[in-house]
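Asker: Here it is, the structure in full.
The values are calculated or read from the model by the stated rules, or taken from the named source; none is laboratory data. Predicted model, so just to flag it, every value in this text is computed and none were measured. Ideal geometry is used to build each Cβ from the backbone, glycine not excepted, and the neighbour counts take in all protein chains shown.
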Amino acid sequence: MHHQVSADQDQIVDKRTLRRVFWRSFHLQGSFNYERMQALGYLYAMIPILLKLYPKKSDLAAALKRHLEFFNTTPAVSSFVMGISTAMEEKNAREKGVFDSSSINAIKVALMGPLAGIGDSFFWGTFRVIAAGIGISLASQGNILGAILFLVLYNIPHFFLRYKGTFWGYNQGTTLLSSLYEKGNMEKVSYCAGILGLIVIGAMTGTLVQFTTPLEISIQGATVNLQETLDQIMPNILPLGLTLLLFLMLKKGVKVNYIMIGIIAVGILGKWAGIL
């Protein structure tokens, strides 16, 4: 397959390096964890780009640290974001001190939610179901082609989008960045992306953090369900409070391992006491 990488006299990244990003993108969930989810896999995919762009150790260290921030999206569409990150890192390397490097993560966070919604709908909700339906119908008859067809039918669109997405993201990112800088809109986009990213993270707090209490309090013969009362004040106020507490502890320098042990201990004791 041939791909056109946008021609630019200052271009540093070549097609070979972008292909390395594509292959490495399959390791996206190789070090999945509940603190930063796909961050380590994302960084692993970006390493060939960062090594090429930042020969100076201090610049390379800053770039490596930058891509260790929280990231989570549908794996099949992740290479598109990596392509955009590549274009932005290239711009940052060329215009050090002028380009706002914080916008790189802002754009990543802003894209991961919408792309996850699209990716999940197509890959988990459509392609996988269709491929599984065809595969199961053959496998139920004892035909080994059922398993083979399932893998083939699912992975054809998966591999195609993942491969093309790397180049689309890079080319679109390069074109978009040039357009934004020409019109002086880059600061506005970075600001809006930052707001969208905070909204995405805030929404994840309410949907991914499960923290409730079955505690009931008797007041003058009346029984008050504490969880229902808290929900009337503000839905998901306990998950929000827990998230803010953990964030404060991290800001204070408390180690993640200690926080995790503390959460487990509080959960066990709370369940034993009947308050969680």
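Asker: Does Ala147 satisfy being more than 21 Å from the chain's Cα centre (by Cα), buried (at least 16 other Cβ atoms within 10 Å of the Cβ) and farther than 30 Å from Gly202 by Cβ?
Answerer: no
Asker: Follow-up. When you check Ala62 against the structure, is it part of a helix (DSSP H, G or I), surrounded by fewer than 16 Cβ atoms within 10 Å (Cβ to Cβ), out of contact with any Cys (no Cβ under 7 Å at 6 or more places or on another chain) and at pLDDT 90 or above, yes or no?
Answerer: Yes, satisfied.
Asker: Please go through (1) modelled with pLDDT of 90 or more; (2) within 28 Å of Met260 (Cβ to Cβ) for Asn105 and return the number of the only condition it doesn't satisfy.
Answerer: (1)
Asker: Continuing with this model, one more query. Out of everything in region 117-134 that is small (Gly, Ala, Ser) and surrounded by fewer than 18 Cβ atoms within 10 Å (Cβ to Cβ), what residue ends up being modelled with the lowest pLDDT?
Answerer: Checking each candidate, the answer is Gly125.
Asker: Anything in region 82-100 that is surrounded by fewer than 19 Cβ atoms within 10 Å (Cβ to Cβ) and either touching a Lys or Arg at 6+ places or on another chain (Cβ under 6 Å) or in contact (Cβ under 8 Å) with a residue 12 or more places away in the chain (or both)? List them, or say none. Show your work before the answer.
Answerer: Keep residues of region 82-100 that are surrounded by fewer than 19 Cβ atoms within 10 Å (Cβ to Cβ), which gives 94-98, 100.
Matches in region 82-100: Arg94, Lys96, Asp100.
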